[in-house]
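Report on the structure given below.
The values are calculated or read from the model by the stated rules, or taken from the named source; none is laboratory data. Keep in mind the model is a prediction, meaning the values are calculated, not measured. Quick reminder, even Gly has a Cβ in these numbers, built from the backbone with ideal geometry, and neighbours come from all protein chains shown. The protein model used for the area step is the full one, side chains on, heavy atoms only, and it has no ligands, DNA or RNA in it. Shrake-Rupley method; radii C 1.70, N 1.55, O 1.52, S 1.80 Å.
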Amino acid sequence: MKKLLLAAGSRPGILSLAPLYDALKKNGAYQPVALLVSAKGARPLSSDLASCFGIGDDVRTIYLPEGSAVHQLASVMTGMEAILLSEKPDLVLVCGSDNVALGAAVTAAKLGMQAAAVDAGLRSYERSDAEEVNRVVIDAMAEFHFVSEHSGEYNLINEGVADEKVFYSGNLSIDSLVRLMEQANKESTVPVKGIKPKKYALMLIGEGVFSAGKEHIGMLLRVLTELASNITVVMPRIAGFDALLKEHLLDAEFIAIENLKLIEPPSHAGLLTLLRDSMLLLTDTEELQAEATVMNVPCLTMMDTSARPSTIEIGTNVLVGLDEEDIKNRIHDILHPGSHQHITSRSKIPEKWDGASAPRIVAVLDRLL
């Protein structure tokens with residue numbers, strides 16, 4: 001029986017790890033080992049993902065110390081080294097593009113162990129983005145590459161990766177989406193009381209806001225105020241955001257926004273339910289871009305680049321950058337589609353974003369291993 005170690009840290013990586021772990025376990029020919037990294041005192045895996053994909057208490061965990069990103073990366077690699085030497089896996093499957101994934105790929109390479117990159121080949125070509133640098137390094141360390149969209153194939157081959165090492169398997173996060181929504185539909189729970197489907201907008205603010213200046217945050221609040229004047233806005237809280245607003249003397253402006261429902265961070269199944277039933281998603285992160293495309297929810301991304309061009313080419317995702325007027329105009333277009341004729345619509349879901357990516361990867365591993 002082949003032992004495969006699956007490593008992930010942040011939620012995007014875990015959403016790839018969970019369905020792949022489940023498929024490997026059901027195959028019977030593999031012994032999957034989940035290796036997760038989290039802050040001290042935090043659960044490395046949410047209960048909805050653990051129960052949905054049968055991931056038990058045998059998860060190997062590395063707890064991050066406080067400190068800089070470099071200090072934490074060093075800690076991850078030290079912990080990874082001990083676990084890899086103890087487990088001696090036949091293959092390390094690297095899930096995601098955060099520092100945990102980077103640490104897993106580099107450590108495996110240094111120990112002479114084969115690694116495979118899951119969701120490989122994604123590129124935003126924005127080198128100021130730490131995760132873009134991670135993606136390039138992870139792919140350089142990996143022996144095998146499982147890609148989620150055609151751009152990943154093109155990028156890797158252009159970078160010199162042999163085409164026989166690249167496998168188009170589809171998007172594992174959609175596997176998680178399908179399974180979690182099946183579970184959520186059975187439970188029939190309402191994530192937020194007092195809202196009705198397609199009568200609200202969902203807004204997600206990422207951790208990048210903490211490195212932004214007062215002008216950027218003020219723009220977000222003006223856009224949020226404009227949006228909330230037209231439709232109820234549901235916004236999950238993000239730790240430290242209140243303190244950031246107070247630091248920039250913007251807390252009173254935020255509190256004054258009417259029609260805004262601040263909620264505690266929901267489970268991922270709850271977040272997906274909120275996304276499915278929303279009128280639109282306004283975000284400054286890449287999270288949920290793929291899920292919004294599959295659910296046909298218009299997504300306005302306040303970024304200049306995306307590592308998932310398929311969500312832009314045939315999806316509902318539009319990169320609006322930080323152009324305040326463009327954001328407001330596109331919000332109006334979505335909320336009042338009858339008054340504009342240039343609304344972008346999609347005709348299909350990206351190829352192999354069908355909830356069956358994990359079995360395809362396992363079939364490839366059957367041949368390789």
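When all C-alpha to C-alpha distances in the stretch 187-247 are sorted into bins of 10 Å, what percent of pairs does each bin hold, rounded to whole numbers? Computed distribution, short to long bins: 17, 47, 27, 8, 0. Note: relative contact order over the stretch 159-300, using C-alpha pairs below 8 Å and six or more positions apart, is 34 percent.
List, in the order given, every pair from Lys3/Lys110; Lys196/Lys328; Lys110/Lys352; Lys3/Lys165; Lys199/Lys328; Lys25/Lys88 whose Cα-Cα distance in the structure shown is over 25 Å. Violating the 25 Å Cα-Cα cut-off are Lys110/Lys352.
Quick check: from the Cα gyration tensor, does the stretch 1-110 come out rounded (a/c under 1.5), prolate or oblate? Oblate shape, in that a/c is at least 1.5 and b/c is the bigger or equal ratio.
Classify the chain from the C-alpha gyration tensor, please: rounded if a/c falls under 1.5, else prolate or oblate depending on whether a/b exceeds b/c.
prolate
Take Met303: with every protein chain present and a 1.4 Å probe, its accessible area is about 50 Å².
In this Cβ point-charge picture (+1 for Lys and Arg, -1 for Asp and Glu), the chain has a dipole of about 1020 debye about its Cα centre. When peptides 168-175, 261-268 are ranked by their average number of other Cβ atoms within 10 Å per residue, the highest-first order is 168-175, 261-268. Between Glu324, Glu66, Glu286, the residue with the greatest mean-square fluctuation in the GNM of the chain (Cα pairs under 10 Å linked by springs) is Glu66. The phi-based Karplus calculation (6.51 cos²θ - 1.76 cosθ + 1.60; θ = phi - 60°) puts the 3J(HN,Hα) values of the stretch 133-139 at 4, 4, 4, 5, 5, 4, 5 Hz, whole numbers, x for Gly and Pro.
Measuring how big the stretch 212-297 is from its alpha-carbon positions, Rg and Dmax come out at 13.5, 39 Å. With contributions of -39500 (n - 2.57) from each DSSP H run of at least four residues, the per-residue ellipticity at 222 nm computed over the chain stands at -13500 deg cm²/dmol.
Considering only Asn158, Val147, Gln114, the residue lying farthest towards the positive end of the dipole of the stretch 101-185 is Gln114, judged by Cα position with unit charges set on Cβ.
Against the chain, whose longest principal axis is taken from its Cα atoms, helix 172-187 shows a tilt of about 60°.
Summary value for the stretch 1-133: 28 percent relative contact order, contacts being C-alpha pairs under 8 angstrom separated by 6+ residues.
Using a probe of 1.4 Å on the protein chains alone, the accessible area found for Val70 is around 110 Å². With contacts taken as Cα pairs under 8 Å at a separation of at least 6 residues, the chain carries a relative contact order of 16 percent. Seen against the Cα atoms of the chain and their longest principal axis, helix 324-335 is set at about 90 degrees.
At a probe radius of 1.4 angstrom, the accessible area of the stretch 1-116 per residue rounds to 41 square angstrom.
Once a ≥ b ≥ c are taken as the square roots of the eigenvalues of the Cα gyration tensor of the stretch 124-257, is the result rounded (a/c under 1.5), prolate (a/b larger than b/c) or oblate (a/b not larger than b/c)?
Details: a/c = 3.08, a/b = 1.52, b/c = 2.02.
It comes out oblate by the Cα gyration axes.
Structure remark: mean-square fluctuation, Gaussian network model of the chain, C-alpha springs under 10 Å; the largest value among Ala82, Ala109, Ala290 belongs to Ala82.
Per residue, the convex hull around the alpha carbon atoms of the stretch 84-185 comes to 126 Å³. For the pair the stretch 165-187 and the stretch 288-316, the centres of their Cα atoms are 16 angstrom apart. For the stretch 141-291, carbon and sulfur atoms together expose 52% of the accessible surface, with a 1.4 angstrom probe and every protein chain in place.
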